Amino acid sequence: MPPRRSSWQGGALRDDPKARAFRQQLEDVRPAPAVPEWERIANEMQLVAARTIAGELTIDQATAEMDRRTDRILEKRRWILDHPRGATP
């Protein structure tokens, strides 16, 4: 599917209901959050997803596990934001 908006203006793509769903997804694309730890979080998501697909975790367990892992990864960032450099206690 073409990513350029001009490709969707005419022809078969404009009138195809299946292609319309793809176009809507392209219109709604947003960049990943500007978090330096995002790659680590994305890797952890893949590991938890694989365990879920393998039947090792339920959806609820996977959600809790992902929350735990994300909190652990972001713990240092939160501490730094809560304790600005040069701030007096």
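The values are calculated or read from the model by the stated rules, or taken from the named source; none is laboratory data. Everything numeric in this text was worked out from a predicted model, so none of it was measured. Cβ sites come from the backbone with ideal geometry, for glycine too, and all protein chains shown count toward neighbours.
What to note about this one:
- Pairing each residue of the range 19-46 that is loosely packed, with under 12 Cβ neighbours inside 10 Å with any residue that is modelled with pLDDT of 85 or more, provided the two are 6+ apart or on different chains, yields C-beta distances under 7 Å for A32/W38.
- In the set Q9, Q25, only one residue is polar (S, T, N, Q) and either within 19 Å of the chain's Cα centre (by Cα) or modelled with pLDDT of 95 or more (or both); that residue is Q25.
- Residue check for A62: outside the structural domain of P3 (by TED's automatic domain parsing) and surrounded by fewer than 10 Cβ atoms within 10 Å (Cβ to Cβ): no
- Of all residues in the range 3-18, exactly one satisfies the criterion of being among the basic types (K, R) and surrounded by 12 or more Cβ atoms within 10 Å (Cβ to Cβ), namely R14.
- In the condition set (1) out of contact with any helix residue (DSSP H, G or I) (no Cβ under 8 Å at 6 or more places or on another chain); (2) outside any loop (DSSP other than H, G, I, E, B); (3) not small (G, A, S), E65 is compliant with all but (1).
- When the range 23-62 is limited to residues that are β-branched (V, I, T) and assigned to a helix (DSSP H, G or I), the one that is nearest to S6 (Cα to Cα) turns out to be I41.
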